[in-house]
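Peer 1: Below is a structure I'd like to ask you about.
The values are calculated or read from the model by the stated rules, or taken from the named source; none is laboratory data. Keep in mind the model is a prediction, meaning the values are calculated, not measured. Counting neighbours? That spans all protein chains shown, and the Cβs are built from the backbone with ideal geometry, glycine included. The protein model used for the area step is the full one, side chains on, heavy atoms only, and it has no ligands, DNA or RNA in it. Shrake-Rupley method; radii C 1.70, N 1.55, O 1.52, S 1.80 Å.
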Amino acid sequence: MSAMADRGVIENSKVLMVGAGGIGCELLKTLVLTGFKHIHVIDMDTIEVSNLNRQFLFRKRHVGMSKAQVAREAVLRFRPDVEIVAHHANVKSSQFNVEYFQQFSIVLNGLDNLDARRHVNRLCLAADVPLVESGTTGYLGQVTVHVKGRTECYECQPKPAPKTYPVCTITSTPSKPVHCIVWAKDLPFLKLFGDKTLSNDLDVRTSGAETSNEQEEASFFDLQKDETSKAYAARVFDRLFGQNIEIALKNEGAWKERRKPTPLFIADIFGSEDKHEENGSENGSALENKSKDEGSALSAMTKVGLKNPQEMWSVKENAKLFLESVRLFLDKRKQEIGKLTFDKDDQLAVEFVTAAANLRAHSFGIPMQTLFDAKGIAGNIIHAIATTNAIIAGLIVLEAIKLLEKNLEACRMTYCLEHASRKLLLMPCEMDVPNPKCYVCSQTPLVLEVNTSTVTLRDVVEKIARKKLAASFPTIMQGYNVLCETGDDIDPHSAAIYEAKLDMKLDSLTPVPIVDGVEITIEDLQQDFSCSVYVKHREDFSEEEADEMRLGGLDLLTPADTQATAKTEAALKSSSAEIVDGDEDTVMIDGVSALGTKRKLEEEPQGPVQKKMKV
Amino acid sequence: MSTRMEEHTSEVLTEQEAAVYDRQIRVWGVDAQRRLSKARVLVVGIYGVIAETCKNLVLAGVGSLTLMDDTPVTLDSAASNFLIYVDEINKEAKSVAQVCAEAVGDYNSMVRVQVEKGYILDKPGEFFDDFDIVILGRSSLDLKKKVNALCRSRPQRVAFYAVDVRNSCGSLFIDLQSCTYRSQKKDDDKEVEYTKKSCSLEDSLSVRWDSLPKRASKLFFAIRIVEEYEQKEDKQPGHLTTNDLPALLVFGTERLQAQGLAMSIAVENLLKKIAEAGTFELSPVCAIMGGILGQEVLKLLSCKGEPIKNLFFFDASDGKGMIEDVSP
């Protein structure tokens, strides 16, 4: 790689950059300084204050504006002669189809989520455009190169599933702070402020007792007629942390080997002093006028006199915070109740979840957390610093140059390490060839174990096609029969037919039921993705497999199954694909793919080094 | 600096600091962030890799950053420096330091960014007492030695870094003097306190090359040969051309022989690459070296994580970022 030789190939190339965040800002800067002249940038996000410590193209005055657009303008200040097209849009939207991708010499990813990465991977495979993929967490980072047919695609290796927890650990027997935080986020927060019509797999087990009356349980969290927000907050408090624990204690068997939880009631915490009223919002009319920017800036913390989010608060302080946050939601954000989902940038939501998690932790003898730490866990916040992003962006551009020079032999997968290994902080490794068992780039069939008499077509579309297989607009087919099609270009007549089918059980679908031994095809036309799925009926799912579905490779088939069709038998011989994704529980923290990066590094501290390091 | 570590500050971060620095506090903690906010950094000679370093330090939230570079801004100086906005060129006779300070100062209002005029060797010794860190951009071996010696002569520790990117090759020399830091034990989550000592550039230069391990970075030899050649021929650093190549190769072979080594194809190729590049810095390499340098400064200031104590090299042709220790 020398100074002048590459100018032509760089200047004439057309580059697509997906993501204008931490890596994206650094990447755009380095691209234009290197001499790239034609760049498209796609990013759907807007700028937030917590971006400013590393996304150096953005200033405080840009908060709320499009990342792609502001990044473009910032870069033009030092390189006005560059053509940059900024798209403030989701890369998954239909305008970015295969034809769109085909105009580029190369695609560079600076994304923060697994879903979008998988989508871009498929479009790059379909358009046959090389992809440079990247990720960072704290001091760790990695850059990989994906060229169709020559190297692994992004999905050739199964990505670690997002960390999940067994349902009963969350609902009944928490033992770690994270269990309490997941509980606070998925149970009380959603029950009080979220969409009550949405099914929640935790519902029935909330109290840990079979005696609980579901209807009573559901309506308990509604505000009663003439009930003040203060009375409501107190009633909910005693239920969540007092009565529910008392009910759970009745199940004595559960506590034989465990420390018994302690019920918490308001009266026990505050005694007769009724302290939680003093700083209440009712006598805070002066404050009300002051807080003009309600919504995400509204805070219960300051109203109860808590200042430092890094400080560990007492049980009493957490109780005050809980009561105050419930009251503020009711008094100030009534319109949103019933529609809220947890958002780490929603201060009041973070305060509620922190307080609820800490009160539960206290009951169960688990260490409490500071708001700062609870926010990190609840929001799955990725540790991010500018230096790693800058290094990774530099490495991406070096790989891009090699790809444009058609020098694939020289391309490397590079790890950025926190602690040097064999004197190396930046460690290049040779790339792997495509995995012949990959269901994405090698189109190997999969197996779906499913209870066909209880699971609906909608479950297959949402939980398998969308969630597990990352299809953005899935189509489900059986032979030439289209069972379901999604997307924004479907005529209303067909859409109505598909809609009617979605809630039917698989074994009663028309014109063809999906039963044991049937092979279906899951497709995404935009992604040019297609996957055969062999259906195997099963009924004995465990409590943790509440979806009654399990997707895996052909090794899920037993010899008896394979006699069913000659085709799958042949396939079984040629392949024994690994399970694509570990079983997921119903409770999960939102997936963060960068954590996958970290895990990979930790799990194989010397794997890539010993095997493949270029010396 | 080691005294600073014991010094306990109980003050709380401001709301603005907490909001802007949230993601990095999750990496290095509040105490480290407070230590950063008190650090004073001087950078001398603002090339592409120094622009990257300045950006990283200002974003991270050091206390103050002082820039020194009286060169007038030209189109050339903007080649790999994103801190120079095109509308600043030729407008009025502003120096590179002035223009860059304005740009980088805008990144983070919580950092004091200032310009110091004049030539570094004309400054009195006390001048260095105002800094915890001195970073030197591309400069002659002689200047590096002198500034390093000045840093070492002060009563308080002044850590010294010299960085350079030539074409696709990056090199970094570090003299921490003595450094105390906390780091996690290998098989344990516990943080333990360690102390490291660095040697001066002068001492590092005295180490015989044949005493180095066989797999030492080839870039180490190439950079040494180039710097010594420039010194001998009285060339401005980075102003070699392909005309210098024959003489540079002869000089290199002699130098290696004198140290008991033979010229290799790898070193020869590096010398060619550096000679033909002139002042050119490959921007991705600036980003990588500026990232590593920024990170090292942050590690030192925050007393967290094991810092590099002597040398680091990155060569884009093999993609390795390698730590070396060439100390007596």
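Peer 1: Taking only Cα atoms, what is the 0 to 90° angle, nearest 10, from helix B:48-60's long axis to the longest principal axis of chain B?
Peer 2: 20 degrees
Peer 1: Still on this structure, I have one more. Taking beta carbons within 10 Å but only from partner chains, what does the mean come to for residues B:107-113?
Peer 2: 2
Peer 1: Most mobile of B:Val20, B:Val49, B:Val73 per a Gaussian network model of chain B (Cα springs, under 10 Å)?
Peer 2: The residue that fluctuates most here is B:Val20.
Peer 1: Per residue of region B:249-263, in order, report the coupling 6.51 cos²θ - 1.76 cosθ + 1.60 (Karplus, θ = phi - 60°) as ³J(HN,Hα) in whole Hz, putting x for Gly and Pro.
Peer 2: Coupling constants for region B:249-263: 5, 4, 4, x, 4, 4, 4, 4, 4, 4, 9, x, 10, 10, 5 Hz.
Peer 1: From the square roots a ≥ b ≥ c of the eigenvalues of the alpha-carbon gyration tensor of region A:4-105, which class results: rounded (a/c under 1.5), prolate (a/b over b/c), or oblate?
Peer 2: Oblate.
Peer 1: For the Cα atoms of chain B, what angle does the longest principal axis make with the long axis of helix B:22-36, in degrees from 0 to 90, nearest 10?
Peer 2: It works out to around 90 degrees.
Peer 1: Further, regarding this structure: Starting at the first residue of region B:315-328, write each ³J(HN,Hα) from the Karplus equation 6.51 cos²θ - 1.76 cosθ + 1.60 with θ = phi - 60°, in whole Hz, x for Gly and Pro.
Peer 2: Running phi through 6.51 cos²θ - 1.76 cosθ + 1.60 with θ = phi - 60° gives 10, 5, 6, 10, x, 8, x, 10, 8, 10, 10, 10, 10, x Hz.
Peer 1: Let me ask something else about it. Quick one, what does Rg over Rh come out to for the protein assembly as shown if you take C-alpha atoms and the Kirkwood Rh?
Peer 2: Reported Rg/Rh (Cα atoms, Kirkwood Rh): 1.00.
Peer 1: Is there a quick way to get the dipole size of region B:75-195? I mean about its Cα centre, with the Cβ of Lys and Arg at +1 and of Asp and Glu at -1; what is the value in debye to the nearest 20?
Peer 2: Dipole size: approximately 440 debye.
Peer 1: Quick check: at a probe of 1.4 Å, how many percent of the accessible area of region A:302-432 sits on carbon and sulfur atoms?
Peer 2: Within region A:302-432, the accessible surface is 48 percent carbon and sulfur.
Peer 1: Also: If you take the accessible area of A alone plus B alone and subtract the pair, what total do you get in square angstrom, rounded to 100, with a 1.4 Å probe?
Peer 2: Rounded to the nearest hundred, the buried surface is 5100 Å².
Peer 1: Next up: About the Cα centre of region B:207-277, how large is the charge dipole given +1 on each Lys and Arg Cβ and -1 on each Asp and Glu Cβ? Please answer in debye to the nearest 20.
Peer 2: 380 debye
Peer 1: Counting only protein heavy atoms and using a 1.4 Å probe, what share of the accessible area of region B:207-277 belongs to carbon plus sulfur, as a whole percent?
Peer 2: Within region B:207-277, the accessible surface is 52 percent carbon and sulfur.
Peer 1: Which percent of the accessible area of region A:438-528 is formed by carbon and sulfur heavy atoms (probe 1.4 angstrom)?
Peer 2: 53 percent
Peer 1: Continuing with this model, one more query. Return the lysines within reach of A:Lys256: Cα separation strictly under 26 angstrom, same-chain partners fewer than 8 residues apart disregarded; answer none if there are no such residues.
Peer 2: By straight Cα distance, A:Lys256 reaches A:Lys176.
Peer 1: Same structure, new question: Do you know which residues of region A:51-68 lose at least 10 square angstrom of accessible area in the protein assembly compared with their chain on its own, with a 1.4 angstrom probe?
Peer 2: A:Leu52, A:Asn53, A:Arg54, A:Phe56, A:Arg59, A:Lys60, A:Arg61
Peer 1: Here is a follow-up. Would you mind classifying chain B by shape? Square roots of the alpha carbon gyration tensor eigenvalues, ordered a ≥ b ≥ c; an a/c under 1.5 is rounded, otherwise it is prolate if a/b is larger than b/c and oblate if not.
Peer 2: oblate
Peer 1: According to a simple spin-label model (label point 7 Å from Cα along Cα-to-Cβ), what is the distance in nm between A:Ile247 and B:Asp325?
Peer 2: 6.2 nm
Peer 1: Exactly which chymotrypsin sites (Phe, Trp or Tyr not before Pro) in region B:163-226 are in a DSSP loop and have at most 12 other Cβ atoms within 10 Å?
Peer 2: The qualifying sites: there are none.
Peer 1: Largest first and in whole Å, what are the equivalent-ellipsoid semi-axes of region B:207-277 based on the Cα gyration tensor, each being the root of 5 times an eigenvalue?
Peer 2: Largest first, region B:207-277 gives 20, 12, 11 Å.
Peer 1: Can you tell me the orientation of helix B:141-152 relative to chain B, as the angle in degrees between its alpha-carbon axis and the longest Cα principal axis, to the nearest 10?
Peer 2: 30 degrees
Peer 1: Hey, can you grab everything whose amide H is under 5 Å from the amide H of A:Leu111? Only 5+ residues off in sequence or another chain; H modelled, so Pro and N-termini drop out.
Peer 2: A:Ser134
Peer 1: Please work out the average accessible area per residue across the protein assembly as shown, using the 1.4 Å probe convention, and give it in Å².
Peer 2: With all protein chains present, the protein assembly as shown gives 41 Å² per residue.
Peer 1: Would you be so kind as to identify which of B:Ala216, B:His239, B:Met263 lies farthest towards the positive end of the dipole of region B:207-277, taking Lys and Arg as +1 and Asp and Glu as -1 on Cβ and the Cα centre as origin?
Peer 2: Selected residue: B:Ala216.
Peer 1: Note every residue of region A:136-165 with a reduction of at least 40 square angstrom in accessible area, all protein chains present versus the isolated chain, computed with a 1.4 Å probe, or write none.
Peer 2: Buried on complex formation: A:Tyr139.
Peer 1: Let me ask something additional. For region B:13-168, what does the alpha-carbon gyration tensor say about shape, rounded, prolate or oblate, given a ≥ b ≥ c as the root eigenvalues, a/c under 1.5 as rounded, and a/b over b/c as prolate?
Peer 2: Oblate, because a/c is 1.5 or more while a/b does not exceed b/c.
Peer 1: Sticking with this one: Determine the shielding of peptide B:55-66 by partner chains: average, over its residues, the number of Cβ atoms on other chains within 10 angstrom of each Cβ.
Peer 2: 3
Peer 1: How about region A:355-401: which of its residues lose at least 30 Å² of accessible area in the presence of all protein chains relative to their chain isolated, using a 1.4 Å probe?
Peer 2: A:Phe372, A:Ile381, A:His383, A:Ile385, A:Thr387, A:Ala390, A:Ile391, A:Leu398
Peer 1: Strictly over 24 Å apart at the Cα level, which of B:Lys123/B:Lys309; B:Lys94/B:Lys145; A:Lys196/A:Lys463; A:Lys67/B:Lys304; A:Lys14/A:Lys468 would you flag in this model?
Peer 2: B:Lys123/B:Lys309; B:Lys94/B:Lys145; A:Lys67/B:Lys304; A:Lys14/A:Lys468
Peer 1: Could you give me the ³J(HN,Hα) list for region B:166-173, computed from phi with Karplus coefficients 6.51, -1.76, 1.60 and θ = phi - 60°, whole Hz, x at Gly and Pro?
Peer 2: 10, 6, 9, 10, x, 9, 9, 10
Peer 1: For A:Met17, enumerate residues with amide H under 5 Å from its amide H, sequence gap 5+ or separate chain, H modeled in the peptide plane.
Peer 2: A:His40, A:Val41, A:Ile42, A:Leu108
Peer 1: Other chains' Cβ within 10 Å of A:327-336 residues: what's the mean?
Peer 2: That average works out to 0.
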